[in-house]
Every structure is written in structure tokens, then in C-alpha cells.
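Take a look at the structure below.
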Amino acid sequence: MTLVCLGFTILAWAAVMLFPGAFMQLFNSEPELLEACIPGMHLFFLCLVMESFQFAGQFPFVALGRSKEAIFFSTFRKILIMVLLILHLPRVGGLGVNGVFLAETISHVISASACYLTMYLIVWRKMLCVEAD
């Protein structure tokens, strides 16, 4: 499952990083706006690949009927981490707007790592022990 998620997010990440203008033109065609938005888009999607570990960590919880854990990790990233980072990062080292874009990147790394590690420790290791018996 992790490899499928990883493959999908690598393709999405590569498309966004290599052709950001194509995605931006879906919403706006002004050349000045496109040029200004591409650096922010690169920052925002920098660690999109980590999203695959978020998916792979949440799916087993949902499949096992433990939706509370899956919902926790989903809200953990978007509400707790993102809000805190968006409020504080723009003031750190004069990041300004780039701090807002980096908040998404940093939240991907923190929440995906926490979610995948929790899934591994709670679900995957128990499944491996059951198979060994």
C-alpha cells in the first residue's frame, strides 16, 4: 500500500514541480501572476511526497474500523499543525508569505511521520506478530 501511495504522490509532485505554470493556468492566465505564484507553489508542494505516508498510515486505521485514529491524524495536520505554523512561521526570520507556504510543507513532514509511525507501532507490528504465530 505504501508503494502505491508513494508512486502516486511522486508522479503528482513531479508534475507540479516540473509544470507549475500548466496547473496555474487552470485558474488564471495572467503572465505576471503566473510568474509570481510559481515560487510559492514550489514551496507549498515541496514535501508532497510525504503525503503518501499520511495516506498509508491512515488507510489501515479506516480499514480496521478505527476511524477515530484516522480522523485524528487528518485534523492533527490541518487544524493543529497548520494553524500554529501559519500563525508563527511568517514572523520567523522574515519569511513573510513564504512562511505560510512552508507551513504546508512542514505539516506534511510532521503529520505524515507521526501517522505512519503510529500505524506501524500499533497496527503493522501486531499484524506481523499474528502472522508469525
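At a threshold of 8 angstrom on Cα-Cα distance, excluding pairs fewer than six apart, so keeping six or more, what relative contact order does the chain reach in percent? Please list the in-between numbers first.
On the way: 129 pairs, mean separation 39.2, N = 133.
Computed value for the chain: 29 percent relative contact order.
Taking the 0 to 90 degree range and rounding to the nearest ten, how far is the long axis of helix 97-119 tilted relative to the main principal axis of the chain, both from C-alpha atoms? Orientation of helix 97-119: about 10 degrees from the principal axis.
When you have a sec, figure out the Kirkwood radius of the chain from all distinct Cα pair distances and drop it here in Å to one decimal? The answer is 16.3 Å.
Enclosing the Cα atoms of segment 14-75 in their convex hull gives a volume equal to 104 cubic angstrom per residue.
The angle separating the long axis of helix 51-63 from the principal Cα axis of greatest extent in the chain is about 40 degrees.
Remind me, relative contact order of segment 73-133 in percent, using alpha carbon pairs under 8 angstrom and six or more residues apart? Before the final figure, lay out each step's value.
Details: 33 pairs, mean separation 18.9, N = 61.
Worked out over segment 73-133, it gives 31 percent.
Bear in mind that the values in this text are calculations on the coordinates, not laboratory data. Bear in mind that the values here come from a model prediction, so they are computed numbers and not experimental data.
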